[in-house]
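Written below as structure tokens is the structure these notes are about.
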Amino acid sequence: MSVDDGEAEQHGAEAHEPGWEVDPDDEWGVAVLTTVGRQLKLRREATGMRASDFGKAVGYGEDMVFKIEGGKRIPRQEYLDKADEVLRAGGLISATWEDVKKVRYPKKVRELGWLEAKAVEIGVYECNTVAELLQTPAHARAVILAAQPPYSPDDMERMVAARLARQSVYDRDPAPSIHFVLEEAPLRRQVGGTMVWRQQLERLLDVGRLNNVTLQVMPTNTEAHPGMDGRIELLKFPDGTAVGRADGMFNGRPVNDPRHVRVLELQYGTIRAQALPPRESLAFIERLLGEK
């Protein structure tokens, strides 16, 4: 077996699905992927290369080639880079990744990430899990893996990647002001096993010590508070506008009416007042780490 055949077999075994499913309701995403797929097909046909031969050259099956060229599958960056090399496109195919990467995550996640990227202040209260902006890859994977019915391995990895991409909010300059309130119970739940759990707590300490981040823990033995109905999120923007969402208010839908946002601000402010102060919260997490 030749080196090329060995590489193709390795790619096929490790990643026979080198892309992500396309959401048919995502009109912008479908348009981008249809355009990229058409470009790939035209360039392949211009070289006289059959789909089966092209698939072998890039290390993937003929069926996947047709799916990507038909805009039915979102190609990964390595697929586009290999296609650029095989078709001698001089970087033009690789460059399409700049468009593809903007639609590789689900529409709802993209919209949330776009809002977070604009916000000057982010407030999150989580009651049942660690906030997604704080999750490690292993913790996120374990949480998604627990879903029923289960996600496919491909969809699971896509969702994990989407959560991690949103965490680029910490790299912004100027940095936004970010506030978290987490319930004690989810912090004690050893999601993914002891090692994954410890790594997640260490991640909370690292982020909680950032100058622009405030992290608070809501003790289980506290009195009732406005977050008993579920998660609350608040995003504030440079122009003074804001968007909020709460599981137990306004049918769980995002709201931007100032009157509705003020209700969520009141609830979130009350929750923060009842939670442990930031310094005590970090000390609490350190004690959890020391218990095992």
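Which pairs do you get when a residue that is over 27 Å from Met218 (Cβ atoms) and of a type in the set (Gly, Ala, Ser), found in the stretch 159-180, comes within reach of a residue that is outside any strand (DSSP E or B) and modelled with pLDDT of 90 or more, reach meaning Cβ atoms under 6 angstrom, with the pair 6+ apart or on two chains?
Once the first residue is over 27 Å from Met218 (Cβ atoms) and of a type in the set (Gly, Ala, Ser) and sits in the stretch 159-180, no partner that is outside any strand (DSSP E or B) and modelled with pLDDT of 90 or more comes close enough.
Identify all residues within the stretch 52-66 that are at pLDDT 90 or above and under 16 Å from Val36 (Cβ atoms); write none if there are none.
Phe54, Val58, Val65, Phe66
So, Gly91, is that one more than 30 Å from Val213 (Cα to Cα), free of Cβ contacts under 8 Å to residues at least 12 places away in the same chain, buried (at least 19 other Cβ atoms within 10 Å of the Cβ) and not hydroxyl-bearing (Ser, Thr, Tyr) or not? Don't jump to the end; show me each part of the working.
Numbers: more than 30 Å from Val213 (Cα to Cα): yes; free of Cβ contacts under 8 Å to residues at least 12 places away in the same chain: yes; buried (at least 19 other Cβ atoms within 10 Å of the Cβ): no; not hydroxyl-bearing (Ser, Thr, Tyr): yes.
For Gly91, the condition - more than 30 Å from Val213 (Cα to Cα), free of Cβ contacts under 8 Å to residues at least 12 places away in the same chain, buried (at least 19 other Cβ atoms within 10 Å of the Cβ) and not hydroxyl-bearing (Ser, Thr, Tyr) - is not met.
Just wondering, is there one or more residues in the stretch 123-142 that are in contact with a strand residue (DSSP E or B) (Cβ under 8 Å, 6 or more places away or on another chain), aliphatic (A, V, I, L, M) and either surrounded by fewer than 15 Cβ atoms within 10 Å (Cβ to Cβ) or part of a helix (DSSP H, G or I) (or both)?
For the stretch 123-142, residues in contact with a strand residue (DSSP E or B) (Cβ under 8 Å, 6 or more places away or on another chain), aliphatic (A, V, I, L, M) and either surrounded by fewer than 15 Cβ atoms within 10 Å (Cβ to Cβ) or part of a helix (DSSP H, G or I) (or both): present.
Going through the stretch 275-287 one residue at a time, which ones are surrounded by fewer than 17 Cβ atoms within 10 Å (Cβ to Cβ) and assigned to a helix (DSSP H, G or I)? Outline the logic, then answer.
Within the stretch 275-287, the first condition is being surrounded by fewer than 17 Cβ atoms within 10 Å (Cβ to Cβ), and the residues that meet it are 277, 279-280, 283-284, 286-287.
The answer is Arg279, Glu280, Ala283, Phe284, Glu286, Arg287.
For the stretch 26-47, which positions are over 14 Å from Ala83 (Cα atoms) and either of a type in the set (Val, Ile, Thr) or without any contact (Cβ under 8 Å) to a residue 40 or more places away in the chain (or both)? Outline the logic, then answer.
First, pick out the residues of the stretch 26-47 that are over 14 Å from Ala83 (Cα atoms): 26-35.
Glu27, Val30, Ala31, Val32, Thr34, Thr35 - these are the residues of the stretch 26-47 that are over 14 Å from Ala83 (Cα atoms) and either of a type in the set (Val, Ile, Thr) or without any contact (Cβ under 8 Å) to a residue 40 or more places away in the chain (or both).
Quick check on this structure: which one of Thr222, Thr270, Thr214 is among the hydroxyl-bearing types (Ser, Thr, Tyr), in contact with a Pro (Cβ under 8 Å, 6 or more places away or on another chain) and more than 16 Å from Ile122 (Cβ to Cβ)? I'd like the intermediate steps shown before the answer.
Numbers: Thr222 fails: in contact with a Pro (Cβ under 8 Å, 6 or more places away or on another chain); Thr214 fails: more than 16 Å from Ile122 (Cβ to Cβ).
Step by step, each of Thr222, Thr270, Thr214 is checked, and only Thr270 is among the hydroxyl-bearing types (Ser, Thr, Tyr), in contact with a Pro (Cβ under 8 Å, 6 or more places away or on another chain) and more than 16 Å from Ile122 (Cβ to Cβ).
Within the stretch 68-81, count every residue that is part of a helix (DSSP H, G or I) and buried (at least 21 other Cβ atoms within 10 Å of the Cβ).
Restricting attention to the stretch 68-81, the residues satisfying the condition of being part of a helix (DSSP H, G or I) are 68-69, 77-81.
Filter once more, so that each one left must be buried (at least 21 other Cβ atoms within 10 Å of the Cβ): 68-69, 79-80.
Final tally of qualifying residues: 4.
State which residue pairs qualify: first residue modelled with pLDDT of 70 or more and inside the stretch 108-119, second residue small (Gly, Ala, Ser) in any location, beta carbons under 7 Å apart, and separation of 6 or more residues or different chains.
Taking only residues 6 or more apart or on different chains, the pairs are Gly113/Ala165.
A quick yes/no check of all residues on (1) closer than 25 Å to Glu265 by Cα; (2) buried (at least 20 other Cβ atoms within 10 Å of the Cβ):
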residue	(1), (2)
Ala119	yes, yes
Ala165	no, no
Tyr170	yes, no
Ile178	yes, yes
Gln200	no, yes
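Examine the stretch 20-41 for a residue that is of a type in the set (Phe, Trp, Tyr) and buried (at least 17 other Cβ atoms within 10 Å of the Cβ), and state whether such a residue exists. Step through it out loud before you land on a result.
Kept after step one, since they are of a type in the set (Phe, Trp, Tyr), are these residues of the stretch 20-41: 20, 28.
Next, only the ones that are buried (at least 17 other Cβ atoms within 10 Å of the Cβ) stay: 20.
The answer is yes; a qualifying residue exists.
Matching residues to (1) modelled with pLDDT of 95 or more; (2) in contact with a strand residue (DSSP E or B) (Cβ under 6 Å, 6 or more places away or on another chain); (3) within 20 Å of Leu134 (Cβ to Cβ):
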{"residue": "Glu233", "(1), (2), (3)": "no, yes, yes"}
{"residue": "Asp247", "(1), (2), (3)": "no, no, yes"}
{"residue": "Val261", "(1), (2), (3)": "no, yes, no"}
{"residue": "Leu289", "(1), (2), (3)": "no, no, yes"}
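The values are calculated or read from the model by the stated rules, or taken from the named source; none is laboratory data. Just so it is clear, the model here is predicted, and its values are computed rather than measured. Note that each Cβ is placed from the backbone with ideal geometry, even for glycine, and that neighbours are counted across all protein chains shown.
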